[in-house]
Amino acid sequence: MKSLLRLYPRSWRKRYGQEMEVLVEAMPGRLGIALDLVMGAAVAYRDVIRGNRVLAAAGAYLHGICVAVLVQAIGFVSLVLAAQQWGLTDLRIGPFVLATVVPSGPFFRLGELSQAMWVAVFRSWLPEGILLAVLLVALALLLAAPRLLRRLG
Amino acid sequence: MRRVAAAVSVLLLLLVSVAVAEASLLALVILFSSILELRLVVELGGRFVQVAPATYLPFPDVSIREAGTAASFVFTLACGLAAGARRYRRWRPAP
């Protein structure tokens, strides 16, 4: 349990380390207390980062990069879905072709489908739909992460 | 001299973080292409990386062109810099 105190920032350990060691030694070695210590370390780091302008900007930079990666992953899955639905072949910005998609089979316009084909098309879109849903939830969690971190401690 | 060293360190950190992010994105895209059963081609610098299933079946082809790969790098870096700059400007010391 005492080894978990090494997770805390150096400035925090200089200030409170000795008192905390005495306290942790008196506590039973339960999982809940270990989790409390880990969460406390996260809160301590959050306070150190928020208290420094450059560190806060660096943290925001890394957060922005993670959001960008997720957004592009969502874009990739959406591109595949759009190609299946509308037979989209090229994704362009002006003269630049960013991506090309060649669907394997005939694409269907939703208005032309019979009921039986609806079920078949829905099933074929299921993997993309599930992936997209998972990615959107991950993006929502990532965007909410700074606010959730502020509420800790 | 210290400022130059600090600037070079920041630049290296930016490049390394973007490289790691792009590598993660490539891994994600390869994973998705195997889940969605796609044939994936990623072009970069006149060469390409192709990921395809072992058996030849009519899978959909997805090609990320060189412009798309470059745009991905630029977009990732731009998002990170925008978020960092915004936090730097809006930062206030804790009361």
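Derivation of every value follows stated rules applied to the coordinates shown; laboratory data play no part. Every value quoted in this text rests on a predicted model; they were computed, and no experiment measured them. Glycine gets a Cβ as well: all are built from the backbone with ideal geometry, and neighbour counts include every protein chain shown.
Per-structure values
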{"quantity": "Per-pair calculated FRET efficiency, R0 = 30 Å: B:VAL74 and B:ARG3 via Cβ, rounded to 0.05", "calculated": "0.70"}
{"quantity": "Integer Hz, Karplus 6.51/-1.76/1.60 couplings in order for the range A:83-99, x for Gly and Pro", "calculated": "5, 5, 7, 10, x, 4, 10, 10, 9, 10, 10, x, x, 8, 8, 7, 7"}
{"quantity": "B:VAL16, B:VAL41, B:VAL49 arranged by Cβ crowding within 10 Å, fewest neighbours leading", "calculated": "B:VAL16, B:VAL49, B:VAL41"}
{"quantity": "Rounded if a/c under 1.5, otherwise prolate or oblate - chain A, Cα gyration tensor axes", "calculated": "prolate"}
{"quantity": "Helix axis angle, A:10-26 relative to chain A longest principal axis, alpha carbon, degrees", "calculated": "70 degrees"}
{"quantity": "Globularity index of the range A:1-51, i.e. its alpha-carbon radius of gyration over 2.2 N^0.38 Å", "calculated": "1.10"}
{"quantity": "0 to 90° range, to nearest 10: angle between helix A:31-50 axis and chain A longest Cα axis", "calculated": "80 degrees"}
{"quantity": "Averaged over B:70-82, number of beta-carbon atoms from partner chains that fall within 10 Å", "calculated": "5"}
{"quantity": "Rounded, prolate or oblate (a/c below 1.5 giving rounded, otherwise prolate when a/b exceeds b/c) for the range A:1-90 by Cα gyration tensor", "calculated": "oblate"}
{"quantity": "Contact order normalised by residue count of the range B:2-90, Cα under 8 Å, 6+ apart, percent", "calculated": "25 percent"}
{"quantity": "For the range B:2-90: span of alpha carbons on each principal axis (Å, largest first)", "calculated": "57, 28, 19"}
{"quantity": "Footprinting exposure proxy for A:LEU131, A:LEU7 (fewest neighbouring C-beta atoms within 10 Å first)", "calculated": "A:LEU7, A:LEU131"}
{"quantity": "FRET efficiency estimate (nearest 0.05) - Cβ-Cβ, A:MET39 to B:ALA23, R0 35 angstrom", "calculated": "0.70"}
{"quantity": "Residue-span extension gain [A:ALA144 to A:GLN18] - 0.36 nm each, minus C-alpha spacing", "calculated": "41.9 nm"}
{"quantity": "Computed helical MRE - 222 nm, the protein assembly as shown, DSSP H runs ≥ 4 contributing -39500 (n - 2.57), nearest 500", "calculated": "-24000 deg cm²/dmol"}
{"quantity": "Of the trypsin sites (Lys or Arg not before Pro) in the range A:21-89, those whose Cβ has at most 15 other Cβ within 10 Å and which sit in DSSP loop", "calculated": "A:ARG30"}
{"quantity": "Most positive-pole-ward Cα, B:VAL4, A:VAL71, A:ALA83, against dipole of the protein assembly as shown from beta carbon charges", "calculated": "B:VAL4"}
{"quantity": "Taking B:ILE30, A:ILE93 and counting other C-beta atoms within 10 Å, the order from fewest to most", "calculated": "A:ILE93, B:ILE30"}
{"quantity": "Long-range amide H partners of A:ARG92 with built H, under 5 Å", "calculated": "A:LEU98"}
{"quantity": "Peptide-level mean, for A:73-86, of C-beta atoms on other protein chains within 10 Å", "calculated": "3"}
